[in-house]
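**Q** Let me begin by handing over the structure; questions about it come next.
The values are calculated or read from the model by the stated rules, or taken from the named source; none is laboratory data. As the structure is a computational prediction, the values presented were derived from the model and not from experiment. Positions of Cβ are generated from backbone atoms using ideal geometry, with glycine treated the same way; all protein chains shown enter the neighbour counts. Calculation scope for accessible area: heavy atoms of the full protein, side chains included, ligands and nucleic acids excluded. Shrake-Rupley method; radii C 1.70, N 1.55, O 1.52, S 1.80 Å.
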Amino acid sequence: DSVPAYKDFMLYPDTNTGAKTIDYSIYLNSVGPHTLKGAGFLINAAITGTGGSAVINGYLLMYNYTGSTTITGETLNLYKLTNVNVNTLHENASDVSAISGVSTIVSGTTPQVDGRTALVSGKAVKDIRIEVSATNVKFYEKDGTNANDTYHLAVNQTLTATNAYGFGPLLAYASHGCSQLTAYKYDNLSITSNETKTFESKILETAWTEG
């Protein structure tokens, strides 16, 4: 449509109530952050309602970025989404934290593994692990280029149960127009619970509808 997509996201409507582990990698030198304001993951989330009245409830773990051709600054944040209008989330140019229904739970946390591409050489990789249950989330980072590195805990936060268990990636963009590419890729994405499947297999088995 003609409305800019300032937030792109995909939510898998999981009904598995058990704890799950989400793993993925970010190849930092493949990130084109020209208009990229943030990248993260929705957890314990669900969309209810239809059309213009559809709302999303849940949590969002998110890196907020600064930079143009490279990431020069990053912070890690946790937001709670309470009856946030889906269209507003998708189409509003404001920062996520400024959208009605979004409250900040954790703000400005310094990542445990430096993700500023201006300061790394080679094909640097940041490995991410999210361990989430109905009432807690732990967010870990690891230097994927160092075979001897282990996961470092960046966020450990108690959550209020949402009675929702959906999850999926979210990207946020700045309002801008030019030919320079903005790029971000969730690589090697997998979800482990009492059923172990790749995110791709979950997508393929889901009947998706436009929303």
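**Q** Could you tell me the accessible area of residue 90 in Å² (1.4 Å probe, neighbours in place), rounded to the nearest ten?
**A** Roll a 1.4 Å probe over it and residue 90 shows about 60 Å².
**Q** Which label belongs to the value computed from this structure, given these candidates for Kirkwood radius over Cα pairs in Å: [x] 21.3; [y] 18.9; [z] 17.6?
**A** The listed entry that was calculated here is [z].
**Q** I'd like to check one number: the per residue accessible area of the chain, probe 1.4 Å, reported in Å² as a whole number. Spell out each step's value before the answer.
**A** On the way: 10030 Å² over 211 residues.
Counting only protein heavy atoms, the per-residue value for the chain is 48 Å².
**Q** Please give me the summed charge of the neighbours of residue 172: other residues whose Cβ is under 15 Å from its Cβ, Lys and Arg +1, Asp and Glu -1.
**A** -2
**Q** Sticking with this one: Shape of the stretch 68-155 from its Cα gyration tensor (a ≥ b ≥ c, root eigenvalues): rounded if a/c is under 1.5, otherwise prolate when a/b > b/c, or oblate?
**A** Judged from the Cα gyration tensor, the stretch 68-155 comes out oblate (a/c at least 1.5, b/c at or above a/b).
**Q** Where the accessible area of the chain is counted over protein heavy atoms with a 1.4 Å probe, how much of it, in %, is carbon and sulfur?
**A** Exposed carbon and sulfur together represent 47 percent of the surface.
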